[in-house]
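**Q** Sending over a structure as structure tokens; questions will come in a sec.
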Amino acid sequence: MSASAAPGIVPEPEDSRLAAANLVVGARLFASAMAFVFMAFVFAYFYLKAVDSNGLWRPSHVTPPQGYGIAILVCILGATAAFELARRGLAAGAGSVAMLALALGLSVAAVVLQLIAYLGGMSFGADGGGYASVFYGWTAMFLAFWLGAVYSVETMLATAMRSAREAAAADEAVEALRPSADATMVYLYSCAGIAVVTWVLLYLIK
Amino acid sequence: MSAVGAMTDGAGPDVRHGRRILIIWAVANVIFVPIVIWVLGPHIPPYDASQQSTDQHNVNVVLSALATPVLLMIWVYFGYSITVFRQRGPEVVDGPPIEGDPRIQVTWLAATTVIVIALAVYGTVGLLPSSAAGAGGGQGPNPLSKPPNAASALQVQVIGQQWLWTFRWPGYGGVQTPYLVLPVNRWIAFHVTSLDVSHSFWAYELGVKADAIPGNDNVAFVRPTQLRSFQIRCAELCGLWHGHMNTTGQIVSQSAFDTWIAQARVRYQGVTQQLPPYSHVYYPAPDQRAG
Amino acid sequence: MGILVAATVLVVAVFFYIADFLAVAPPVLAASTQNGASTLTLQTVPAYGHAPEPDWVTYLGLDSNGHWHHTTIYQLPAHTLVHVTLYQFDSASGLRNPFLAQVRGTAGGIASVDGKSFSVLNGDDASHTFTVPDLGLSVPLKGVPAGAKNPCSAAPCALSFDHTTIRFSFVTPGPGVYRWQCFVPCAAQFFYGFGGPMQTIGWMSGELKVV
Amino acid sequence: MSTTESPPPTAITKAPRFREQLIGFHLLWGVVLAALGYFVCHWLGTKIGNHIKGQTATDQDDIAVLLGFLGATLGWLIGLGFFNYPLSRMMGRPASLIEGEEYGVWRYFRLCTDHKVVAVQYFVAVLFFFGVGGLNAMLIRGELTSDNATFIQAGNYLTLVSLHGTMMLMMMSAGVLGPLGNYLVPLMIGARRMAFPRVESLTLWLTVLAGFMLISAIFLGGFPTGWTGYAPLSVEARAGMDAYLFSFALIGISLCLVGLNIIATVMTMRAPGLYWNRIPVFVWGMVTTSVLAVLAAPVLFAALYMAALDRTVETTFFLASNGGSPFLWYNLFWFFGHPEVYILALPGFGIVLEILPVFARKPLWGYRVAVAGMFGVALLSFMVWQHHLFVSGINANLRPFYMFTTELISIPTGIIFLIGMGTLWRARIRFTVPMLFCLAFFFNFLIGGLSGVYLSDVPSNVTTHGSYFVMAHFHYTIMGGLVFATIGGFYYWLPKITGFKLNETLGKIHFWMMFIFFNLTFFPLFAAGLLGMPRRVSSYNPSLHGLNVFVSISAWCLGLSLLVFLANIVWTQLLLREPAGPNPWLSKSLEWQLPSPVPSYNFERIPVINSAPYSYGIPDAPPVADFGTPARLPGGPAITPEGGVL
């Protein structure tokens, strides 16, 4: 229940840097929450591996699709790197549409590859024991989080293109992007870190 | 405890309040702690059907005796404050601006820390092999607190399933019985496991509680000391008849036990042949979805 | 804040709905009693075939007028010999704990399937059990052999369908409510075969009301 | 949300005509699209389910049910208008922070970014679901008047218990963060909004949906697992289990986002001069709670997701037969579950310590120690979860460690008592209704805490584990602690929120009834547990019959006392409205220096804070804040020029 403004009172505007600060803090906190989600999967991985209940942690026929694994990891790291370059460009006051487009392309490619792997590339089903469960659960969950990354990269690209069209001055267009750029970068880096862990645990070590 | 005494020093010139509180508290302790120990104490469960339940009973009495002074301290202090420090009349008057006193805070922290460490040590001692108190709780496949002669203990496998307890006797040809009869004054080793979901084997008067988890062999030790019956209940939610998953066990003399188990072996001869070979865990058909 | 009133009304409505839902229970079926002995006639059906759960396995009970009722709450007189007849239309799915293949607590410790009396069944042939743990009463029910000619598809099943007939007697204890259930994991589509009908009174679990 | 040069608009009081309302995005469309989404996705899920499992139509089509819930959630959010902004952003439109604040009373039925509106929505929603859960408890006690399942049969009794437990856990964990946290944190730190206003509204509407989704479990056959949802029982349960999984997951997301929002707000948006050692202790309570929420809720989410996979695509996370382990669920769930019970305690600490100085007319005694204590609780609560598994047979050799960490928690909680005692020392106590509830908090929480010592001691735990002793213990800490503190908080802050006084006499009747019958209800249950009564049973040892009848009767009286509370609210807030004035309690806290109800922009200028809000009795203390000076940078010390933080 909040009363409306008394007529004639115009509260002072708030500092534009505040929203940027909010976004960075929010991104860091969200990244930590995401880290705990995957910590649960890491725990499941090592716990079930240690228990090896009924000898069904990982039957011999259960082998992950190595090719897809590498390809997805490369796409994710590439997207992150491209976005970092775009962000550097912004900091230098340059436009960055090309790099952002590259980042978007790579991040979408990672999603597509994962879906293809699910539909065609798997040698085992979700009911193939402990490892199979962790594999499907973990990769699907990561896919969901990565879609968030795709969204923010797309947002950045769209904003860049629009402001390049409409903004009076180039630096104005850059200003429109910079705050979300830092936050998105935080999120992308943490996703990339988790992607590496994913690859090491699920694909690399036996 | 001493925090209250120290608080009075930090509370400014007027120290009488603190002394009064201390006196009331001391008197209350003198009255109530003995009541808790000698009047209430004997009635605190679990009772003494076994060495374990006896020790757990003693633990509960000790904890109650420890908790009473703390309870009394807070109650006396709050009771005194809200009676003496109350604002009479409608007007609003500010109290003295006391922002805190490091000495009291440190004293309090020290006191609570000492109590906590004492409690933890006390509880840990209860888990040592030498002590019987902790042996009744489910300890998993390799028990920490086990009796010195655990190897010679009578092995009983407790099998939980929805919704029935059955008991298997590896020492007697792996016969399985729907009832639990135990010899008195002998170490028993329960091996608790489950065929489907999680249950918890609770032999109330024996002071035994061990979760029955599929794929896990949960060991608990007990040494019955009285000829009597005891309740067996399920203490972990396991579905429709969780509340009805109970039966009654019996503690009998060694000879009576021998005759009982011998009869059981004869009576269940036919079905015993159908049982799977004895093992610490049984894996049910994974997901049996057939009609 | 006017929402509060609506909220209150809504709470009460939801509450009554929940209460009403939770209070429902299957009807009580009284066993017919003459000259000192009761008879209880039941059948098991692989799939009930009607709403609300057409594909659930279930017990049915026969009343004195020869009508089958879909319930598992049976009323019996105390301290009385009860003759139970069970028409078993379901196929075998095997016991989880073979110990329950043992016949316990019946008169003479035996039961009869299609006229042949037995005290221990082969656990893999069991389709259901009729077990009252608190009375120490347990009878495994032999399933219809695999590859039956004309299996029954919907309750109630006429005796013309393939079935086995199990008969046994037991003496009821003093008054009280005693739960009974089936111990064969026979719930299709449920993990461990023990969900749904196995955990719902009126299907594979019920109560004996001894009065 | 990059540029926010536009000044906050002054809200229009005149509501648009109803016809205009119908077209917009609001609750009505949310409901319609939610239903639509459910049925569409359920149909889709049936097809997918048949494809994957090759199973014919069965009531146990978990894929369809879960997809249905997903569709319902999407429809609900679309209808409420949560997708408009992301879509416009994806089209590159500039960011904005204001939405739906111009609709007069209709603000309360739609996405609105005014934190005060969201708080009131939370207040109503939580009260509503709290009522549902409470009435369930009345039913439970009704069933327990007989020692065998009578008018509610055993299976439905389990559903009832599960509904009660889950509903209460879900709603009480949102019960303070939502209403009071969202309303007070910006006011207490001198901000105009929360850091992420849309996220704030999102958490509310997710909570509302989750509550109804949980109730929908009874349409799907109910669920038997209680609020702990232990696998593998949860895997074999009926489709009602999916309602539990999905609604609890929604709450998990909501909880995580609430915490994120509050932490970000406090870190970046404090008014100049509000240094870390001047933040009101209530805000510290919210911050520590938020830390737990942000870090614990994700683990719950992951665990629920695994259980959902076990039920749908037949993974085997929790099935010992196929390489899984039930212990995995226990560990993951309690890793969330124990912080969760402190999510249900810390807000209580915050409220009580915030109210105590006002009515003791003294500064908060030992401010820094209090804050340290709260952080100590938050930190320790992540290290104790296996004390829920003392007799489960997992890592028996770790039990001494968890016993120790568990008992360590009594040090920081003990600090809270010390602060209370120090604040009352030689005070001038006024026994207003909020103060009574605060004092009752200490009474109940003490009993709850001391009973926890028995549970933390392994030998004693052998008897008490899984018994009514546990149940009485956590009702003493959660209901006797959090609920008492929260109700006290509502009595204290409702005049600020609505601008109208509550009736003191009715309040005192409510308090005494609630206090007496609460203790009469739950103290005997300690005995019931020690005498061998397990939790969640509809049939118990006949020797405990008299005890249970007594408990049931006092439980119903306890329920009546809450009706008095409701009557008080309805009577004073709707019928007989008596303006409360800006500062009826003569508090020095920042929010009480504003008119009540608070104008939509909170502060005409961002105030400059002079001191912590506890300067009672300090001669010639400066006013807590300076509202008149020209504004400075919001965030003051916490924000660096390049937008980084700390």
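The values are calculated or read from the model by the stated rules, or taken from the named source; none is laboratory data. Since the structure is predicted, the reported quantities are computational estimates derived from the model, not experimental observations. Positions of Cβ are backbone-derived with ideal geometry, glycine not excepted, and every protein chain shown enters the neighbour counts.
**Q** Considering D:G190, D:G181, D:G259, D:G222, which residue is buried (at least 24 other Cβ atoms within 10 Å of the Cβ) and closer than 25 Å to C:L22 by Cα?
**A** Working: D:G190 fails: closer than 25 Å to C:L22 by Cα; D:G181 fails: closer than 25 Å to C:L22 by Cα; D:G259 fails: closer than 25 Å to C:L22 by Cα.
So the residue among D:G190, D:G181, D:G259, D:G222 that is buried (at least 24 other Cβ atoms within 10 Å of the Cβ) and closer than 25 Å to C:L22 by Cα is D:G222.
**Q** Tally up the residues in the range D:384-402 that are more than 22 Å from the chain's Cα centre (by Cα) and crowded, with 18+ Cβ neighbours inside 10 Å, please. Working first, answer last.
**A** Going through the range D:384-402, the residues more than 22 Å from the chain's Cα centre (by Cα) turn out to be D:386-387, D:389-402.
With crowded, with 18+ Cβ neighbours inside 10 Å added as a condition, the list becomes D:386-387, D:389-394, D:396, D:399-400, D:402.
Residues flagged as more than 22 Å from the chain's Cα centre (by Cα) and crowded, with 18+ Cβ neighbours inside 10 Å within the range D:384-402 amount to 12.
**Q** Then there's this: Please find, among C:A126, C:A146, the residue that is more than 10 Å from chain B (Cβ to nearest Cβ), among the aliphatic types (A, V, I, L, M), more than 15 Å from C:L42 (Cβ to Cβ) and touching a helix residue (DSSP H, G or I) at 6+ places or on another chain (Cβ under 7 Å). Write out each step before concluding.
**A** Working: C:A146 fails: touching a helix residue (DSSP H, G or I) at 6+ places or on another chain (Cβ under 7 Å).
Of C:A126, C:A146, the one residue that is more than 10 Å from chain B (Cβ to nearest Cβ), among the aliphatic types (A, V, I, L, M), more than 15 Å from C:L42 (Cβ to Cβ) and touching a helix residue (DSSP H, G or I) at 6+ places or on another chain (Cβ under 7 Å) is C:A126.
**Q** Scan the range D:466-482 for residues that are aliphatic (A, V, I, L, M) and surrounded by fewer than 24 Cβ atoms within 10 Å (Cβ to Cβ) and report the count. Give the steps one after another, and end with the answer.
**A** Looking only at the range D:466-482, we keep the residues that are aliphatic (A, V, I, L, M), and these are D:470-472, D:478-479, D:482.
With the extra rule that they be surrounded by fewer than 24 Cβ atoms within 10 Å (Cβ to Cβ), the set shrinks to D:470-471, D:478-479.
Of the residues in the range D:466-482, 4 are aliphatic (A, V, I, L, M) and surrounded by fewer than 24 Cβ atoms within 10 Å (Cβ to Cβ).
**Q** Looking at the range B:230-254, which of its residues are surrounded by fewer than 17 Cβ atoms within 10 Å (Cβ to Cβ) and within 13 Å of chain D (Cβ to nearest Cβ)? Before the answer, list the steps.
**A** Initially, the range B:230-254 is screened for residues surrounded by fewer than 17 Cβ atoms within 10 Å (Cβ to Cβ), giving B:231, B:248, B:250, B:253-254.
Those that are surrounded by fewer than 17 Cβ atoms within 10 Å (Cβ to Cβ) and within 13 Å of chain D (Cβ to nearest Cβ): B:Q231, B:T248.
**Q** Further, regarding this structure: Taking the range C:165-183 only, how many residues are away from every other protein chain (no Cβ under 14 Å) and touching a Gly at 6+ places or on another chain (Cβ under 7 Å)? Spell out how you get there, then give the answer.
**A** Taking the range C:165-183 first, the residues away from every other protein chain (no Cβ under 14 Å) are C:165-173.
Add one more test, that the residue is touching a Gly at 6+ places or on another chain (Cβ under 7 Å), and what stays is C:170.
Number of matching residues: 1.
**Q** A further question follows. It is to be established whether one or more residues within the range C:92-112 are at pLDDT 90 or above, in a loop (DSSP other than H, G, I, E, B) and of a type in the set (G, A, S).
**A** The answer is yes; a qualifying residue exists.
**Q** Still on this structure, I have one more. Only residues that are modelled with pLDDT of 90 or more and either within 15 Å of the chain's Cα centre (by Cα) or buried (at least 17 other Cβ atoms within 10 Å of the Cβ) (or both): list them for the range C:31-45, please.
**A** Listed by number, the residues that qualify are C:S38, C:L40, C:T41, C:L42, C:Q43, C:T44, C:V45.
**Q** Just to be sure I understand the filter: pairs with C-beta atoms under 8 Å, separated by 6 or more residues or on different chains, first member in the range C:184-211 and closer than 15 Å to D:L233 by Cα and more than 7 Å from every other protein chain (Cβ to nearest Cβ), second member among the hydrophobic types (A, V, I, L, M, F, W, C) and not in a loop (DSSP other than H, G, I, E, B). Which pairs pass?
**A** C:A187/C:M198
**Q** Also: Which condition does D:V537 not pass, out of (1) without any contact (Cβ under 8 Å) to a residue 40 or more places away in the chain; (2) more than 30 Å from D:H465 (Cα to Cα); (3) outside any helix (DSSP H, G or I); (4) among the aliphatic types (A, V, I, L, M), if it passes all the others?
**A** It is condition (2) that D:V537 fails.
**Q** In addition: Output the number of the condition that B:D94 fails; it satisfies all remaining conditions of (1) farther than 30 Å from D:Y402 by Cα; (2) facing chain D (nearest Cβ under 7 Å); (3) touching a helix residue (DSSP H, G or I) at 6+ places or on another chain (Cβ under 7 Å).
**A** With respect to (1) farther than 30 Å from D:Y402 by Cα; (2) facing chain D (nearest Cβ under 7 Å); (3) touching a helix residue (DSSP H, G or I) at 6+ places or on another chain (Cβ under 7 Å), B:D94 is out only on (3).
**Q** State whether one or more residues within the range D:575-597 are more than 30 Å from D:G532 (Cα to Cα), assigned to a helix (DSSP H, G or I) and charged (D, E, K, R).
**A** Let us first name the residues in the range D:575-597 that are more than 30 Å from D:G532 (Cα to Cα), namely D:575-597.
Restricting the remaining residues to those that are assigned to a helix (DSSP H, G or I) gives D:575, D:590-593.
From what is left, the residues that are charged (D, E, K, R) are D:591.
Yes, the range D:575-597 contains at least one residue that is more than 30 Å from D:G532 (Cα to Cα), assigned to a helix (DSSP H, G or I) and charged (D, E, K, R).
**Q** Can you list residue pairs whose Cβ atoms sit under 9 Å apart, with the first residue in the range B:17-42 being assigned by TED's automatic domain parsing to the domain that holds B:I82 and the second being of a type in the set (K, R)? Count only pairs 6 or more apart in sequence or on different chains.
**A** B:H17/D:R426
**Q** Would you mind telling me which numbered condition in (1) in contact (Cβ under 8 Å) with a residue 12 or more places away in the chain; (2) farther than 17 Å from D:I416 by Cα D:N444 fails?
**A** Status for D:N444: all satisfied but (2).
**Q** Report yes if some residue within the range A:126-133 is aromatic (F, W, Y), more than 14 Å from the chain's Cα centre (by Cα) and farther than 17 Å from A:R88 by Cα; otherwise report no.
**A** Just the residues of the range A:126-133 that are aromatic (F, W, Y), to begin with: A:131.
Among the residues that remain, those that are also more than 14 Å from the chain's Cα centre (by Cα) are: A:131.
Subsequent filtering for residues that are farther than 17 Å from A:R88 by Cα retains A:131.
The answer is yes; a qualifying residue exists.
**Q** A further question follows. Filter the range D:418-441 down to residues that are of a type outside the set (A, V, I, L, M), crowded, with 22+ Cβ neighbours inside 10 Å and within 10 Å of chain B (Cβ to nearest Cβ), then give me how many there are. Walk me through how you get there before you give the answer.
**A** Step one: filter the range D:418-441 for residues of a type outside the set (A, V, I, L, M), giving D:420, D:422-423, D:425-426, D:428, D:430-432, D:434, D:437-438, D:441.
Imposing the further condition that a residue be crowded, with 22+ Cβ neighbours inside 10 Å reduces the set to D:420, D:422-423, D:425, D:434, D:437-438, D:441.
Those left that are additionally within 10 Å of chain B (Cβ to nearest Cβ): D:420, D:422-423, D:425.
Residues in the range D:418-441 being of a type outside the set (A, V, I, L, M), crowded, with 22+ Cβ neighbours inside 10 Å and within 10 Å of chain B (Cβ to nearest Cβ): 4 in total.
**Q** Here's another thing I want to ask about it. Does the range B:184-198 contain any residue that is over 24 Å from the mean Cα position of the chain (by Cα) and in the same structural domain as B:V266 (by TED's automatic domain parsing)? Walk me through it before giving the result.
**A** At the first step, the residues of the range B:184-198 found to be over 24 Å from the mean Cα position of the chain (by Cα) are B:195-196.
When the remaining residues are screened for being in the same structural domain as B:V266 (by TED's automatic domain parsing), the result is B:195-196.
So far as the range B:184-198 goes, yes, one or more of its residues are over 24 Å from the mean Cα position of the chain (by Cα) and in the same structural domain as B:V266 (by TED's automatic domain parsing).
**Q** Determine which member of the set C:A51, C:A13, C:A6 is outside any helix (DSSP H, G or I), within 14 Å of chain D (Cβ to nearest Cβ), without any contact (Cβ under 8 Å) to a residue 40 or more places away in the chain and among the aliphatic types (A, V, I, L, M).
**A** Values: C:A13 fails: outside any helix (DSSP H, G or I); C:A6 fails: outside any helix (DSSP H, G or I).
On inspection, the qualifying residue turns out to be C:A51.
**Q** Report, by residue number, each residue of the range A:38-71 that is more than 10 Å from chain D (Cβ to nearest Cβ) and exposed (fewer than 15 other Cβ atoms within 10 Å of the Cβ).
**A** A:F46, A:S60, A:H61, A:T63, A:Q66, A:G67, A:I70
**Q** Can I ask one more? Spot the failing condition for B:V219; the list is (1) facing chain D (nearest Cβ under 10 Å); (2) of a type in the set (A, V, I, L, M, F, W, C); (3) part of a loop (DSSP other than H, G, I, E, B), and only one is missed.
**A** (3)
**Q** Residues that are surrounded by fewer than 24 Cβ atoms within 10 Å (Cβ to Cβ): find the helices (runs of 4 or more DSSP H) completely inside the range D:263-381 holding 3 or more of those. Step through it out loud before you land on a result.
**A** Details: elements: D:281-312, D:326-343, D:346-360, D:367-380.
By residue number, D:281-312, D:326-343, D:367-380.
**Q** Pick out the one residue from B:S130, B:S64 that is hydroxyl-bearing (S, T, Y) and at pLDDT below 90.
**A** B:S130
**Q** For the range C:17-30, name all the residues that are among the hydrophobic types (A, V, I, L, M, F, W, C) and either modelled with pLDDT under 85 or in a loop (DSSP other than H, G, I, E, B) (or both).
**A** First, the residues of the range C:17-30 that are among the hydrophobic types (A, V, I, L, M, F, W, C): C:18-19, C:21-25, C:28-30.
Matches in the range C:17-30: C:I18, C:A19, C:F21, C:L22, C:A23, C:V24, C:A25.
**Q** Looking only at the range D:53-65, decide whether some residue is surrounded by fewer than 20 Cβ atoms within 10 Å (Cβ to Cβ), basic (K, R) and more than 21 Å from A:Y151 (Cβ to Cβ). I'd like the intermediate steps shown before the answer.
**A** Kept after step one, since they are surrounded by fewer than 20 Cβ atoms within 10 Å (Cβ to Cβ), are these residues of the range D:53-65: D:53-57, D:59.
Retained after the next criterion (residues that are basic (K, R)): D:53.
Within this subset, residues satisfying the condition of being more than 21 Å from A:Y151 (Cβ to Cβ) are D:53.
Yes, the range D:53-65 has at least one match.
**Q** Which members of the range D:56-110 meet the condition of being under 30 Å from D:T315 (Cβ atoms) and assigned to a loop (DSSP other than H, G, I, E, B)?
**A** D:T56, D:A57, D:T58, D:D59, D:Q60, D:D61
**Q** Suppose the filter is at pLDDT below 90 and at the interface with chain D (Cβ under 7 Å from one of its Cβ atoms); does A:S32 pass it?
**A** On the way: at pLDDT below 90: no; at the interface with chain D (Cβ under 7 Å from one of its Cβ atoms): yes.
Answer is no for this residue.
**Q** Step by step: first the residues of the range B:110-138, then only those that are surrounded by fewer than 21 Cβ atoms within 10 Å (Cβ to Cβ), within 7 Å of another protein chain (Cβ to nearest Cβ) and among the hydrophobic types (A, V, I, L, M, F, W, C), then the one that is farthest from D:G422 (Cα to Cα). Which residue is that?
**A** Applying the first criterion (surrounded by fewer than 21 Cβ atoms within 10 Å (Cβ to Cβ)) to the range B:110-138 yields B:110-111, B:113-118, B:120-122, B:124-125, B:128-131.
Imposing the further condition that a residue be within 7 Å of another protein chain (Cβ to nearest Cβ) reduces the set to B:113, B:116, B:120, B:124.
Pick out the ones that are also among the hydrophobic types (A, V, I, L, M, F, W, C) and you get B:116, B:120.
Values: B:V116: 22, B:A120: 28 Å.
In this case the residue turns out to be B:A120.
**Q** If you go through the range C:59-91 one residue at a time, how many are on the phi < 0 side of the Ramachandran plot and out of contact with any His (no Cβ under 9 Å at 6 or more places or on another chain)?
**A** Step one: of the range C:59-91, the residues on the phi < 0 side of the Ramachandran plot are C:59-65, C:67-78, C:80-91.
Imposing the further condition that a residue be out of contact with any His (no Cβ under 9 Å at 6 or more places or on another chain) reduces the set to C:64-65, C:67-69, C:71-78, C:80-85, C:91.
Qualifying residue count for the region: 20.
**Q** Filtering the range B:97-109 down to residues that are aliphatic (A, V, I, L, M) and at the interface with another protein chain (Cβ under 8 Å from one of its Cβ atoms), which residue is farthest from D:R430 (Cα to Cα)?
**A** Start the filter on the range B:97-109 by keeping residues that are aliphatic (A, V, I, L, M), which leaves B:98, B:104, B:106, B:109.
Next cut, at the interface with another protein chain (Cβ under 8 Å from one of its Cβ atoms) only: B:98, B:104, B:109.
Details: B:I98: 18, B:I104: 25, B:L109: 29 Å.
Filtering the range B:97-109 for residues that are aliphatic (A, V, I, L, M) and at the interface with another protein chain (Cβ under 8 Å from one of its Cβ atoms), the one farthest from D:R430 (Cα to Cα) comes out as B:L109.
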